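Notes follow once the structure below has been shown.
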Amino acid sequence: MSNRRSFGRSTLLAALALALLLGTLAGCVPAAPAPAGEAAAPAAPSAETIKVRFWNHWLAARVELIDQIIADFEQDFPNIDVENLGQPWDRREENMFAALASNDPPEVVMATRAELLKLANDGLIVPITDMVEEQGLDLDKFYPGEIGNFYWEGELYSMPMPTGGGISGMILINKDMFEAAGLDPVPPTTWQELWDAGKALTVIDDKGIVQIGANVGTSATSFFAWLYTNNGQIYSDDLRSVGFNSPEGIETLQWMVDYTNEINGGVQNVLDFYVTGQEANEAQPWYNDIEAMIFPNVSIFFHMQTIKPELQWDLGLRPYNANNPDAESHGLSGEEFAWGYVIPAGVPEEKREAAFEWIKKITYEEDGGGWFMIQQSRPSPIRSVNEDPSFYEANPAWDTVLASLESDVSVQIFPEHVRVRDIVEQAVQAAMFGDMTPEEALNDAAEQAQAIMDEFWSAQE
Amino acid sequence: MTAQSAGMGRAAAARPQPRVRAKDLLGFVFIAPWLISFLAFDLMPILSGFYHSFTNWNALGIAEFIGWANYEEALTRDPLFWVSVNRTLYFIAGSVPLGIFAAFTLALLLNANIRGTGFYRTVYYLPSVVPTVAAVIVWIFIFETRRGILNFGLELLGLPTIRWLSDPNWAMPALIIMSLWTIGAAMIIFLAGLQGIPQELYEAAEVDGANGPQRLFGITVPLMTPTIFFNLIMGLVAAFQAFNNAFIMTAGGPRNATLLYMLHLYNNAFRYFRMGYASALAVMLFIVVFGITILVYRSSDRWVYYS
């Protein structure tokens with residue numbers, strides 16, 4: 001009797017535990033779509049609706065703009081449901097990677113050009129060349145340097161939005177600070193003028209920088225930007241060898257180091273001054289009248305509008321080295337960022353066309369990506385959009401913005417460029433901290449970078 | 001075989017074979033959710049990591065077997081590998097002893113019969129549940145050269161200020177100081193250990209004329225060694241895997257001064273898409289952590305008292 005009672009209790013417990021287990025496992029299974037006619041049915045997409053999840057980093061005030069484009073798009077394509085998956089910047093690469101690696105990746109993923117090339121080379125995203133041709137899209141409406149950023153091995157993988165250029169070709173000055181220092185409120189055009197203005201505008205006390213004239217940068221990104229204003233280049237034209245350790249490269253880094261040491265009192269002063277970061281927010285030096293010159297990207301106009309519309313500013317092209325007769329003002333296009341939108345290879349065939357339609361909307365269409373740029377007062381990779389009169393009304397220096405875009409050099413990079421950039425970053429830091437001369441640092445970096453290039457091309461063959 | 005043993009064998013054969021009892025089944029069913037999760041989300045990735053450490057793999061495509069090449073690259077050609085190892089050992093040497101000492105000291109203070117003990121316990125534990133990003137932003141302001149509270153304190157003492165986050169010599173000490181932020185969990189464990197020490201031992205020591213330090217080093221510390229041992233192991237494992245603070249606050253800089261091993265691993269895995277190489281780095285980390293844990297465990301015979 002007692003055995004039977006004990007067994008009965010155990011059986012009951014086992015049954016309960018089993019129910020618990022099954023319940024737990026059931027929780028891991030995706031919910032089945034609600035049958036038509038049930039209470040949840042009105043909110044559920046119809047059987048023909050295709051879901052396009054849009055993985056992107058357009059946050060803050062831009063979320064609403066994206067949502068408006070989605071609403072407009074869904075009116076044109078009622079069978080496509082776009083979900084705006086705005087992602088935080090923190091651990092961006094890791095999260096994107098996890099999303100791509102999943103069995104059910106988002107249908108459209110925002111990625112930088114460097115990432116796009118890497119993903120394309122590894123066959124992890126699908127080309128859109130055929131879809132562009134089938135629809136007869138006119139790619140000439142883009143600036144050549146912009147659309148050119150998204151080809152790899154002859155295949156197109158995205159269309160651009162925003163501009164890949166316009167991120168390093170400009171100098172912005174605070175006119176009030178110039179006037180307070182007794183200077184003409186005119187942006188410097190050469191390295192030499194920048195040096196003089198920086199010297200006049202920088203104030204240093206025993207704790208470091210109180211007010212900065214300009215930070216010429218302590219990173220690889222800054223070095224690359226200045227390199228092209230001294231007629232240098234990162235790689236050879238055929239992308240088979242590195243070129244940043246050329247005499248122009250060494251001269252550029254030497255100038256950056258000298259400027260940082262002599263005008264700003266050393267790299268540690270600069271790092272301390274920007275200890276809370278250089279992102280766009282009201283706490284930053286530029287918005288507090290203690291930074292006289294910056295080298296912004298085109299998103300600055302939107303941020304100035306929203307953070308400090310009363311700021312008195314003027315715009316010029318990034319200064320060049322007047323001592324080099326071949327040097328000119330240039331910005332770079334496609335070295336860093338140059339955002340594109342890709343379709344992961346894991347997206348099923350039947351959803352790719354819908355994903356492409358959405359990519360087309362946010363890149364190619366004037367009332368999609370073009371409108372998005374106008375709302376932010378930043379230029380579009382589509383030439384015609386930049387002729388919109390509202391740009392000239394919102395931005396008195398719009399001609400300079402367009403001139404900057406025209407001056408941008410479309411940099412050829414290869415899929416391992418991020419590694420090379422990090423190696424150059426090490427070199428710039430070594431020179432800035434005085435551990436190596438600029439020549440030693442760049443030659444050392446060039447050796448490492450060349451090894452990566454050689455390894456990459458030999459693997460391709 | 002003797003007749004006796006043969007007889008026993010027959011008797012055993014005659015008995016019904018032991019079968020899985022309902023009770024055992026019940027146990028398995030209860031642990032099944034954990035077991036399934038462990039197999040799918042822990043064991044499988046670990047085994048996968050071991051395998052992929054021998055491959056050239058971007059985590060999304062097909063893995064190409066390349067033998068020991070990843071290990072060879074790390075040990076002989078990667079200039080940042082040994083830098084990151086060096087920085088991590090520095091971090092461990094500073095943060096683990098300091099963390100244990102600080103947590104133990106706090107626990108001793110909070111174990112005293114003073115008013116508002118519950119409030120203080122909560123206050124000291126609170127940082128452990130503050131999100132890392134928020135904590136890092138607070139610490140950036142604490143370390144600020146011009147207006148930071150640490151430099152303000154140094155100035156009050158008439159000492160020179162320090163460039164905590166921009167000087168390569170001071171960035172790692174800054175990270176170590178910041179690691180104290182999360183000693184709340186260790187402190188709670190120490191507190192539980194302290195409350196398990198029988199009061200009569202202290203009373204007997206007092207009768208024998210022992211003073212405070214004698215009671216501390218003669219009773220408290222020896223009886224707390226199992227807890228110290230536990231916190232030491234946990235602290236070592238956590239310090240080897242430290243990542244967030246360096247990632248958010250210094251990104252490995254300045255001049256690689258805070259390039260912790262996990263940061264180097266992260267860069268290879270998620271910025272360069274070199275998951276095979278990153279797996280090799282992870283395997284090496286696993287081996288080192290495992291080896292050090294075994295060493296500490298073996299050494300515990302000499303300094304941990306369980307009775």
Hey, can you tell me all the residues within segment A:390-436 that are among the small types (Gly, Ala, Ser) and closer than 14 Å to A:Tyr235 by Cα? A:Ser410
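Within segment A:348-444, which helices (runs of 4 or more DSSP H) (wholly inside it) include 1 or more residues that are farther than 27 Å from A:Arg62 by Cα? Steps first, answer last, please.
Working: elements: A:349-363, A:371-375, A:389-394, A:398-407, A:417-432.
Because the criterion is at least 1 residues that are farther than 27 Å from A:Arg62 by Cα, the helices (runs of 4 or more DSSP H) in segment A:348-444 that meet it are A:349-363, A:398-407, A:417-432.
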Restricting segment B:32-71 to residues that are away from chain A (no Cβ under 14 Å) and under 22 Å from A:Gln448 (Cβ atoms), which is farthest from the chain's Cα centre (by Cα)? B:Trp68
What number goes with the only condition from (1) within 26 Å of A:Arg92 (Cβ to Cβ); (2) part of a helix (DSSP H, G or I) that B:Ala205 does not pass? (1)
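Consider B:Tyr297 carefully, then state whether it is more than 29 Å from B:Val130 (Cβ to Cβ), assigned to a loop (DSSP other than H, G, I, E, B) and either open to solvent by 50 Å² or more (accessible area, probe 1.4 Å) or of a type in the set (A, V, I, L, M) (or both).
Details: more than 29 Å from B:Val130 (Cβ to Cβ): yes; assigned to a loop (DSSP other than H, G, I, E, B): no; either open to solvent by 50 Å² or more (accessible area, probe 1.4 Å) or of a type in the set (A, V, I, L, M) (or both): yes.
No, not satisfied.
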Out of (1) more than 14 Å from chain B (Cβ to nearest Cβ); (2) assigned to a helix (DSSP H, G or I); (3) under 18 Å from the mean Cα position of the chain (by Cα), the odd one out for A:Ala338 is which? (2)
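Out of segment A:93-151, which residues are aromatic (Phe, Trp, Tyr), away from every other protein chain (no Cβ under 13 Å) and open to solvent by less than 10 Å² (accessible area, probe 1.4 Å)? So that I can check it myself, show each step before the final result.
The first filter runs over segment A:93-151 and keeps only residues aromatic (Phe, Trp, Tyr), leaving A:97, A:142-143, A:150-151.
Retained after the next criterion (residues that are away from every other protein chain (no Cβ under 13 Å)): A:142-143, A:150-151.
The answer is A:Phe142, A:Phe150.
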Taking A:Arg378 as the residue in question, decide whether it is modelled with pLDDT of 90 or more and basic (Lys, Arg). no
Do we find that B:Ile248 is over 28 Å from B:Ile176 (Cα atoms), modelled with pLDDT under 95 and β-branched (Val, Ile, Thr) in this structure? no
Out of (1) modelled with pLDDT under 95; (2) closer than 30 Å to A:Val420 by Cα; (3) among the hydrophobic types (A, V, I, L, M, F, W, C), the one B:Phe91 does not meet is (1)
Every residue in segment B:225-265 that is away from chain A (no Cβ under 14 Å), surrounded by 17 or more Cβ atoms within 10 Å (Cβ to Cβ) and under 23 Å from A:Glu94 (Cα atoms), please. B:Ala238, B:Ala239, B:Phe240, B:Ala242, B:Leu260, B:Tyr261
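Scan segment B:153-173 for residues that are within 22 Å of A:Arg91 (Cβ to Cβ) and more than 8 Å from chain A (Cβ to nearest Cβ) and report the count. Let's see the steps before the verdict.
Within segment B:153-173, the subset within 22 Å of A:Arg91 (Cβ to Cβ) is B:165, B:171.
Filter once more, keeping what is more than 8 Å from chain A (Cβ to nearest Cβ): B:171.
The total comes to 1.
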Find the residue count for segment A:378-396, including only residues that are open to solvent by 10 Å² or more (accessible area, probe 1.4 Å) and touching a residue at least 24 places away in the same chain (Cβ under 8 Å). 4
Which is at positive phi and either modelled with pLDDT under 95 or not in a loop (DSSP other than H, G, I, E, B) (or both), of A:Leu271, A:Leu253, A:Leu227, A:Leu239? A:Leu239
Can you tell which of A:Ala441, A:Ala430 is open to solvent by less than 20 Å² (accessible area, probe 1.4 Å), facing chain B (nearest Cβ under 9 Å) and farther than 30 Å from A:Arg378 by Cα? A:Ala430
Can you give me the number of residues within segment B:266-294 that are within 14 Å of chain A (Cβ to nearest Cβ), in a helix (DSSP H, G or I) and without any contact (Cβ under 8 Å) to a residue 60 or more places away in the chain? 6
Identify the residue in segment B:115-152 that is open to solvent by 20 Å² or more (accessible area, probe 1.4 Å) and outside any helix (DSSP H, G or I) and, among all such residues, is farthest from the other protein chains (Cβ to nearest Cβ). B:Arg115
Criterion first (modelled with pLDDT of 90 or more, more than 22 Å from the chain's Cα centre (by Cα), closer than 30 Å to B:Val133 by Cα and surrounded by fewer than 22 Cβ atoms within 10 Å (Cβ to Cβ)) does A:Ile294 satisfy it? no
Looking only at residues in segment B:72-88 that are farther than 19 Å from B:Phe243 by Cβ and within 11 Å of chain A (Cβ to nearest Cβ), which one is most open to solvent (accessible area, probe 1.4 Å)? B:Arg77
With the requirement that a residue be buried (at least 21 other Cβ atoms within 10 Å of the Cβ), touching a Ser or Thr at 6+ places or on another chain (Cβ under 8 Å) and farther than 11 Å from A:Glu146 by Cβ, what does segment A:363-375 give you? A:Gly369, A:Gly370, A:Met373
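The values are calculated or read from the model by the stated rules, or taken from the named source; none is laboratory data. Treat the numbers as computed from the prediction; the structure is a model and nothing was measured. Glycine gets a Cβ as well: all are built from the backbone with ideal geometry, and neighbour counts include every protein chain shown. Each accessible area value is taken on the protein alone, full model and side chains, heavy atoms only, with ligands, DNA and RNA left out. Shrake-Rupley method; radii C 1.70, N 1.55, O 1.52, S 1.80 Å.
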